[in-house]
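Inspection log for the structure reproduced underneath, given as structure tokens.
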Amino acid sequence: MPAMENQPNLLVTYKIQLDINTTPSGASETWTPLCAGFNNISEALNEAVQQYFFLCQKGFANNYVTGMAPVVTLTGVRIIGDTAQDYIFGTKYKTLVDRETQLRITRVNDDGESTSVITANVTMQNIQEFSGATTDGSAISVEFAFNGAPTLSQGTVGAG
């Protein structure tokens, strides 16, 4: 079958790889996959937008993004014994620097090679370790709120 022209290049979430640094106060980073038990991801940029209605625009606005507070939210079910989940839920009753770490978001192509990497200092917030019916896996969620601007890498990036 010939290739279809103008076929959409759909981004599927299973081609997004997430890793968390589980030793943020250690001598070196320990990047641990955030995958077991997590089955939903969402991103919110939480942009600050300024609107200016200049006289020459005849009543129409110019919009400028002047700031943002990105947050990545993961939800799923609790897997006890998973290194990343045990680290996250081990901090749920802690505050300040004990909730800070780094998050790495990698997009992967069909060959399994990374095409872009976002690394950010984050605070883990709104951690929920258990909820749901007694016969279901415990529903979980965690938000990773960016602290400052992330580091963006474009092109093929080796694992590290």
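Taken together, the values in this text are just the output of simple stated rules run on the coordinates, not laboratory data. Keep in mind it's a predicted model, so treat the numbers as computed, not measured. Cβ: placed from backbone, ideal geometry, glycine included. Neighbour counts: every protein chain shown.
What the Kirkwood sum gives for the range 101-160 is a hydrodynamic radius of 13.8 Å, with every pair of different alpha carbons counted. Measuring nothing but alpha carbons in the range 12-78 and taking Rh as the Kirkwood radius, the Rg to Rh ratio lands at 1.25. The aspartates and glutamates within cross-link reach of Lys15, meaning a Cα-to-Cα straight distance under 17 Å and a gap of 8 or more places when in the same chain, are Glu43, Asp110, Asp111, Glu113. Were the residues from Phe130 through Glu43 laid out at 0.36 nm apart, the gain over their Cα-Cα distance would be 29.1 nm.
Only helical runs count toward this figure. For the chain, summing -39,500 (n - 2.57) over DSSP H runs of n ≥ 4 and dividing by all residues gives -1000 deg cm²/dmol at 222 nm. Compactness check for the chain: Cα Rg over 2.2 N^0.38 Å is 1.28. Computed from the C-beta positions of Asn109 and Ala36, the FRET efficiency with R₀ = 30 Å rounds to 0.85. Our summary gives the range 13-154 a relative contact order of 24 percent, counting only alpha carbon pairs under 8 angstrom and 6 or more residues apart. In a simple Cβ point-charge model (Lys, Arg +1; Asp, Glu -1; nothing else charged), the chain has a dipole of about 400 debye relative to its Cα centre.
For Thr23, the residues whose amide H sits under 5 Å from its own are Thr30, ignoring neighbours fewer than 5 places away on the same chain, with H placed 1.01 Å from N.
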